[in-house]
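The structure under discussion appears below in the form of structure tokens.
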DNA sequence: TGTCCACCGGAAATAACGGTTC
DNA sequence: GAACCGTTATTTCCGGTGGACA
């Protein structure tokens, strides 16, 4: 027998479960699509393209609907002789308008003429952006996915006004902003609110029935007939519905369950596979979270894990600070000031690795938080050991701490 | 009712870094 | 190589908070 063998045949087309898969038909978003279509109508009329804002929690079909409608719109525009260009950009790893502008320019330029992420004056970057956009001509729609990651909104009012300000003469540009964060709208300056939010669409969460329909649709494409029983679909749907009507979560879960079934050589996906898939996804969420922390974050986490192991949690930031400083000393790294250490603790809480509870002892104790570990310490230690900046460090700390106790 | 504890968390300042331009 | 540019992590400063206690 060779080293490689084909997997058992349960997947017909695994890609149909991936996030970027474009289904032929959008399920459960009829009203939203209708509103969306009328918002985009000016494009077909050859008018100034609209600025549209989409709100809704993660995995409720904002991106999928946009992708679907824009491809339809492009086909229809071609039919009516309208010169339409669409540009999609994800702002996930971007935090400023400057970086967004650079990413846009790089998308429009030759691969051998790319800009570096920093170093140029702001003005220059804007100039380049106008040049690139103007050289396209016609109608342009720019989609900013996850706009809420951008901390300053200057690009969001500069683009819609570029034509009025004489920066663009050949092109008409409209923006579609997609946001997971409802509060993002209020954080926008009034300048942006008036121009960008002319059309707003709310995407509500999917209910369990809609989720089931979506899963069924995708599963029928992804798997061979009879491989995924009803109960499995229902279980995955319930998982997504419980959290926030999140279709992406459900689809990820189903895909993972399918992978596990393949690994085990099973002929169909069972509820047990779904349970295992859930544990596995949870695990990788934590591992990824830990991997994304800075070195100082790792040290803070390490201190918290130690306190947990000793049964000292829940505990306040001050005691964690003390332990953290010991850890830093053993690791020969300068400790951070308490204010900053608290920021790292809060980050752990945000990631769901730690949790915190407010306490208030009034005049004798004041107000403070108590932190505790929310995750298996074994998994965390394992993840810490794998991170580059902690290789060898955890062991060294452990050894030297054991000696001094 | 008012006081007060002790941390919380926003904001401004600073340092270090990777980059460009002349 | 000096001046300039933007970003990020960090430090420093300081007003805010809310329940227990008198």
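The values are calculated or read from the model by the stated rules, or taken from the named source; none is laboratory data. Fair warning: this is a prediction, and the values are worked out from it, not measured in the lab. Cβ atoms come from the backbone with ideal geometry, glycine included; neighbour counts cover every protein chain shown.
Here is a check on your reading of the model: is residue A:349 within 20 Å of residue A:383 (Cα to Cα) and surrounded by 19 or more Cβ atoms within 10 Å (Cβ to Cβ)? Break it down stepwise before answering.
On the way: within 20 Å of residue A:383 (Cα to Cα): yes; surrounded by 19 or more Cβ atoms within 10 Å (Cβ to Cβ): no.
Judged against the criteria, residue A:349 is not a match.
Quick test of your reading of the structure: residue A:282 fulfils all but one of (1) modelled with pLDDT of 90 or more; (2) crowded, with 20+ Cβ neighbours inside 10 Å. Name the failing condition by number.
(2)
Output the helices (runs of 4 or more DSSP H) that fall wholly within segment A:280-375 and possess 2 or more residues being under 30 Å from residue A:256 (Cα atoms), more than 16 Å from DNA strand B (Cβ to nearest atom) and touching a residue at least 40 places away in the same chain (Cβ under 8 Å), or say none. It would help to see each step written out before you state the result.
Details: elements: A:295-309, A:317-331, A:338-350, A:362-365.
Qualifying helices (runs of 4 or more DSSP H): A:295-309.
Which of the residues spanning segment A:240-258 are surrounded by fewer than 20 Cβ atoms within 10 Å (Cβ to Cβ), modelled with pLDDT under 90 and in a helix (DSSP H, G or I)?
Kept after step one, since they are surrounded by fewer than 20 Cβ atoms within 10 Å (Cβ to Cβ), are these residues of segment A:240-258: A:242-244, A:248.
If we keep only those that are modelled with pLDDT under 90 as well, we get A:242-244.
Scanning segment A:240-258 gives A:242, A:243.
Residue A:81: free of Cβ contacts under 8 Å to residues at least 40 places away in the same chain, farther than 23 Å from residue A:215 by Cα, part of a loop (DSSP other than H, G, I, E, B) and assigned by TED's automatic domain parsing to the domain that holds residue A:151, yes or no? Give the derivation first.
On the way: free of Cβ contacts under 8 Å to residues at least 40 places away in the same chain: yes; farther than 23 Å from residue A:215 by Cα: yes; part of a loop (DSSP other than H, G, I, E, B): yes; assigned by TED's automatic domain parsing to the domain that holds residue A:151: yes.
Answer is yes for this residue.
Quick check: anything in segment A:55-63 under 27 Å from residue A:225 (Cα atoms), out of contact with any helix residue (DSSP H, G or I) (no Cβ under 6 Å at 6 or more places or on another chain), in a loop (DSSP other than H, G, I, E, B) and not assigned by TED's automatic domain parsing to the domain that holds residue A:227?
Checked segment A:55-63: at least one residue is under 27 Å from residue A:225 (Cα atoms), out of contact with any helix residue (DSSP H, G or I) (no Cβ under 6 Å at 6 or more places or on another chain), in a loop (DSSP other than H, G, I, E, B) and not assigned by TED's automatic domain parsing to the domain that holds residue A:227.
For the condition touching a strand residue (DSSP E or B) at 6+ places or on another chain (Cβ under 7 Å), in the same structural domain as residue A:188 (by TED's automatic domain parsing) and under 29 Å from residue A:68 (Cβ atoms), what is the one hit in A:105, A:159? Before the answer, list the steps.
On the way: A:105 fails: touching a strand residue (DSSP E or B) at 6+ places or on another chain (Cβ under 7 Å).
None of the other options fit; the residue is A:159.
Filter segment A:277-295 down to the residues that are within 16 Å of DNA strand C (Cβ to nearest atom) and in contact with a helix residue (DSSP H, G or I) (Cβ under 6 Å, 6 or more places away or on another chain) and list them by number.
Result: A:290, A:295.
Tell me, please, whether a residue that is under 30 Å from residue A:120 (Cα atoms) and modelled with pLDDT under 90 can be found in segment A:38-60.
Checking segment A:38-60: not a single residue is under 30 Å from residue A:120 (Cα atoms) and modelled with pLDDT under 90.
Could you pull out the residue among A:232, A:274, A:269 that is outside any helix (DSSP H, G or I) and touching a helix residue (DSSP H, G or I) at 6+ places or on another chain (Cβ under 9 Å)? Don't jump to the end; show me each part of the working.
Values: A:232 fails: outside any helix (DSSP H, G or I); A:274 fails: outside any helix (DSSP H, G or I).
Answer to the check: A:269.
Suppose we filter A:22, A:34 for residues that are loosely packed, with under 12 Cβ neighbours inside 10 Å and at pLDDT 90 or above; which single one remains? Reasoning before the result, please.
Numbers: A:22 fails: at pLDDT 90 or above.
Just a single option satisfies the conditions, and that option is A:34.
List the number of the failed condition for residue A:56; all other conditions in (1) buried (at least 20 other Cβ atoms within 10 Å of the Cβ); (2) at positive phi; (3) within 16 Å of DNA strand C (Cβ to nearest atom) hold.
(3)
Restricting attention to segment A:97-113, and to residues there that are closer than 23 Å to residue A:147 by Cβ and away from DNA strand C (no atom under 16 Å from the Cβ), which single residue is surrounded by the most Cβ atoms within 10 Å (Cβ to Cβ)? Spell out the reasoning first.
Residues of segment A:97-113 closer than 23 Å to residue A:147 by Cβ: A:97-109.
From what is left, the residues that are away from DNA strand C (no atom under 16 Å from the Cβ) are A:107-109.
Details: A:107: 13, A:108: 17, A:109: 13.
So the residue we want is A:108.
Of the residues A:140, A:159, A:102, only one is over 25 Å from residue A:57 (Cα atoms) and within 16 Å of DNA strand B (Cβ to nearest atom); which? Walk me through how you get there before you give the answer.
On the way: A:140 fails: within 16 Å of DNA strand B (Cβ to nearest atom); A:159 fails: within 16 Å of DNA strand B (Cβ to nearest atom).
Matching residue, one of A:140, A:159, A:102: A:102.
Does segment A:23-37 contain at least one residue that is within 30 Å of residue A:116 (Cβ to Cβ) and within 29 Å of the chain's Cα centre (by Cα)?
Narrowing segment A:23-37 to residues within 30 Å of residue A:116 (Cβ to Cβ): none.
Looking for residues that are within 30 Å of residue A:116 (Cβ to Cβ) and within 29 Å of the chain's Cα centre (by Cα), one finds none in segment A:23-37, hence no.
Are any residues in segment A:259-279 over 13 Å from residue A:235 (Cβ atoms) and surrounded by 14 or more Cβ atoms within 10 Å (Cβ to Cβ), and if so, which ones?
Step one: list which residues in segment A:259-279 are over 13 Å from residue A:235 (Cβ atoms), which gives A:259-268, A:279.
A:259, A:260, A:261, A:262, A:266, A:268, listed by residue number.
Quickly run through segment A:115-155 and pick out the residues that are part of a loop (DSSP other than H, G, I, E, B) and either crowded, with 17+ Cβ neighbours inside 10 Å or within 16 Å of DNA strand C (Cβ to nearest atom) (or both).
First pass over segment A:115-155, keeping only residues part of a loop (DSSP other than H, G, I, E, B): A:115-121, A:137, A:146, A:150-153.
Residues satisfying the conditions are A:115, A:116, A:117, A:118, A:119, A:120, A:121, A:146, A:150, A:151, A:152, A:153.
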